[in-house]
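Structure, as structure tokens:
The values are calculated or read from the model by the stated rules, or taken from the named source; none is laboratory data. Keep in mind it's a predicted model, so treat the numbers as computed, not measured. Glycine also receives a Cβ, built like all others from the backbone with ideal geometry; neighbour counts cover every protein chain displayed.
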């Protein structure tokens with residue numbers, strides 16, 4: 001029997017892949033999904049107005065894929081939600097385009113895990129780097145949680161969140177939650193979704209024997225490093241403002257600003273005694289961008305805990 005979903009049947013998994021200028025990677029990603037054995041699937045690719053020929057590649061080389069080509073970049077969250085009503089799978093499998101399933105039965109392992117763990121609403125896979133080393137993809141705490149005062153406590157399970165590069169979820173639960181929060185555009189939406197899943201009474205799981213290779217950061221290759229850090233900082237504070245009190249957000253901001261300024265000071269001193277100061281330039285770019293973004297955030301009085 002073909003593992004591609006028959007129109008008359010409900011597949012085991014609906015795979016959703018959102019692409020943006022990753023034509024050099026999406027072919028390998030799709031080939032690994034198509035080779036996977038043991039679980040029936042349907043595959044959705046949503047392209048966010050790429051300009052690198054990726055749409056033509058998917059259309060010409062992967063005819064069984066359900067392709068949606070957006071005329072503008074709707075963002076990661078919105079693009080995933082766009083095809084959610086079309087998914088017929090018993091599970092939703094979110095996958096980044098800069099990934100490759102390792103082995104021949106990753107989807108089957110994910111389905112089996114969810115079937116054996118009904119208390120889990122969403123689970124992440126084991127992510128590895130191209131050299132095979134382990135990639136951090138599981139967190140036991142939410143960003144900024146140490147500054148909160150019980151605002152994210154009393155939820156089931158030990159895992160706080162998993163990385164959205166590869167994760168499986170129950171479609172009924174995802175639809176109830178409205179999918180990803182579309183006010184997040186690129187970063188933070190996976191952490192937010194995991195938190196909302198736990199607030200519905202489910203646990204977050206981790207499937208150690210389901211391995212996915214992840215390049216990481218490929219959709220932002222053309223973005224300047226300072227802008228990447230600006231986006232990440234804005235996303236973090238969007239998460240904070242959504243889930244924490246104004247007082248907690250203010251505490252986090254003060255700590256972040258202090259850390260960034262201290263790192264800039266120490267890196268500046270280090271440059272005085274280092275012949276090759278360019279080695280520190282990437283770090284200085286990061287902390288300058290964070291400082292500038294935090295200053296910009298002070299324009300919003302909510303950040304300072306004011307009414």
| field | Check on residue 33, assigned to a helix (DSSP H, G or I), modelled with pLDDT of 95 or more and buried (at least 17 other Cβ atoms within 10 Å of the Cβ) | value | yes
| request: Answer with yes or no whether residue 233 is within 18 Å of the chain's Cα centre (by Cα) and outside any helix (DSSP H, G or I). | output: no
| The lone exception for residue 183 - which of (1) in a loop (DSSP other than H, G, I, E, B); (2) modelled with pLDDT of 95 or more it fails | (2)
| said: Can you tell me which residue is surrounded by the fewest Cβ atoms within 10 Å (Cβ to Cβ) among those in the stretch 37-50 that are within 22 Å of the chain's Cα centre (by Cα) and in a loop (DSSP other than H, G, I, E, B)? | reply: 49
| query | Taking residue 156 and the conditions (1) without any contact (Cβ under 8 Å) to a residue 40 or more places away in the chain; (2) over 17 Å from the mean Cα position of the chain (by Cα), which numbered condition does it fall short on, given that it satisfies the others? | reply | (1)
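Counting just the residues of the stretch 171-200 that are touching a strand residue (DSSP E or B) at 6+ places or on another chain (Cβ under 8 Å) and under 19 Å from residue 82 (Cβ atoms), which one comes out surrounded by the most Cβ atoms within 10 Å (Cβ to Cβ)?
Looking only at the stretch 171-200, we keep the residues that are touching a strand residue (DSSP E or B) at 6+ places or on another chain (Cβ under 8 Å), and these are 171, 173-174, 190-191, 193-195, 197-198, 200.
This time we only want the ones that are under 19 Å from residue 82 (Cβ atoms), so: 171, 173-174, 190, 193.
Working: 171: 17, 173: 16, 174: 23, 190: 22, 193: 28.
The selected residue is 193.
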| query | Being out of contact with any strand residue (DSSP E or B) (no Cβ under 9 Å at 6 or more places or on another chain) and assigned to a loop (DSSP other than H, G, I, E, B), is that true of even one residue in the stretch 119-128? | reply | no
| said: Criterion first (without any contact (Cβ under 8 Å) to a residue 12 or more places away in the chain and either touching a strand residue (DSSP E or B) at 6+ places or on another chain (Cβ under 8 Å) or in a helix (DSSP H, G or I) (or both)) does residue 254 satisfy it? | reply: yes
